[in-house]
Amino acid sequence: MKRPSLLGAAWLVLKKDWQIEWRTRARLTAIIFFSLATLLLFSFAMGPDIVTLRAHAPGYLWLGLLFASVLSLGESFRVEAENQALTGLVLTPVEPRAIFIGKVLGNASLLFVLSLVLLPVAVALYDVDLGRDPLSLVLVLFLGCVGISAPGTVYSAISANARARDVMLPLLLFPVLVPLLLAAVSATKFTLQPDPQEQLGSWLKLLTAFDLIYLSVGFLLFPKVAEED
Amino acid sequence: MALALEALDISKRFGARWALSRLSFTLEAGRSLLLTGHNGSGKTTLLRLIATASFPTAGVLKVMGYHSQDEREALRPLVGLVSHASFHYEDLSAAQNLTLTAKFLGVEQPASVVTGLLDRMGLVARADSPVRQFSAGMRKRLAIARLLMRAPKVALLDEPFGELDPAGIAQMEGLIQELQRQGTSVVLATHLVEQGQRLTHERLHLEGGRKVTPV
């Protein structure tokens, strides 16, 4: 018997998450409708001024993704807490760091799919121009989704067994994500609107740095979170 | 003779409550242990410590010669636990759950191994049903299939007869005896003392987390 490597085990964890999502489709359906409702409410709240809507579209897009991510991350570890499945994985044994990588990729991929679904909605509601720099836009969305998922996976695992987990996750996560959101909103703005001072590169670097820092921190901390004392 | 279990003054605390207190015992490899005691006496906690799902607050626990905390990576492949929690994913089918375990264990030809185990546990007809639709007894059978796939050196069974029908109980007894014939040390926690004594060599009775002589 040859056990899978760290990345092989992470791939199995990711595939398992996709299998569960494909069987139920509960998480994706919920976050799509939730974020659609959020974007719609923002457009109603701002009124019919198309210039204002276009200017604030990146912020609304990322707020929609952020709120949906709380639902998605919470559900991601609810399935692990049920029947103590996470403990079962650790005892199999699966290296906790492989579980972390697999869960981050699973959460990030779901958020990324959601972000792609929301783009045409943003066109319809906020009249944004997706054709200005589409490749950079996709890159920003990808980096932002990874940036939400890396600390989100750790905090979601911490709060999964807590009594007030639905309250605890956003309380822990939102303050950490402030720099990421700032960078993601600004970078998205410069892919949708003119960027005369060429600021996009700096924001992309900040997004990348945030991702690397939180992926490393999660990689180091997750074994402590996944195992009981 | 090598020791399967060696507990030296182990204690486990949850908050202010001591679930196990200064417990010492040994079990030779290949021999089996019956774990008895009232609800809350510490049986499940002890099984979780041996399985490395949790670690002693004080004392030293060695399983198959490995320190349960410091050498847990080497120890975990040698220990299998059937617990109150089944460790299965509710939204995956029985076959998918077992296949996942097989792939993590690096089992060659996982499909045929999984089908064989499901057939043996009488679950092959429901192989593609999600575990969410399973009865408690079927979940227990699936958990045992998972244990058999691991072929552990130490098998930890927490109330294995609970939720099983008479045929399932007879099958479970047969499986315990088969594991013992293969040299596996079985630690059996049950309230069915007579049945447990028939299947094991030694007995450890717990009261309030302490080892006591059974009355």
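What follows draws every value from the coordinates through simple rules; no lab data is involved. Quantities reported herein were computed from a predicted structural model and do not represent experimental measurements. Here Cβ is always computed from backbone atoms with ideal geometry, including for glycine, and neighbour counts include all displayed protein chains.
Once you put a point 7 Å from the Cα of residue B:124 and another 7 Å from the Cα of residue A:178, both along the Cβ direction, what distance in nm separates them?
Distance between label points: 6.2 nm.
Student exercise: in the protein assembly as shown, how many lysine pairs 8 or more apart or on different chains have Cα atoms under 16 Å apart?
Lysine pairs, 8 or more places apart or on different chains, close enough: 12.
Please compute the modelled spin-label separation between residue B:29 and residue B:213, points set 7 Å along Cα→Cβ, answer in nm with one decimal.
Inter-label distance under the simple model: 3.2 nm.
In peptide B:93-102, how many Cβ atoms from other protein chains are near each Cβ within 10 Å, on average?
Mean inter-chain Cβ contacts per residue within 10 Å come to 3.
Nearest 10 degrees, 0 to 90: what angle lies between the long axis of helix B:110-120 and the longest principal axis of chain B (Cα atoms)?
It is inclined by approximately 80 degrees.
Got the relative contact order for chain B handy, in percent, Cα pairs under 8 Å and 6 or more residues apart?
After rounding, I find 30 percent.
Extending each Cα 7 Å along its Cβ direction at residue A:24 and residue A:138, get the distance between those two points in nm, one decimal.
3.0
Go ahead and run the numbers for FRET between residue A:78 and residue B:14, Cβ-Cβ distance against an R0 of 25 Å, rounding to 0.05.
0.60
Looking at the protein assembly as shown, send over the antiparallel percent of its DSSP beta bridges, to the nearest 5.
In the protein assembly as shown, DSSP labels about 55 percent of beta bridges as antiparallel.
Where in the stretch A:117-144 does the amide nitrogen come within less than 19 Å of the point 7 Å from the Cα of residue A:44, taken along Cα to Cβ?
Answer for this model: A:121-127.
Over chain B, with a Gaussian network built from C-alpha contacts below 10 Å, which listed residue (B:112, B:11, B:185) shows the highest mean-square fluctuation?
B:112
Say R0 is 30 Å: what FRET efficiency, to the nearest 0.05, do residue A:202 and residue A:51 get from their beta-carbon distance?
Once the sixth-power term is evaluated, E becomes 0.70.
Projecting each Cα onto the charge dipole of the stretch A:96-229 (Lys/Arg +1, Asp/Glu -1 at the beta carbon, about the Cα centre), which of A:159, A:115, A:216 comes out farthest on the positive side?
Of A:159, A:115, A:216, it is A:159.
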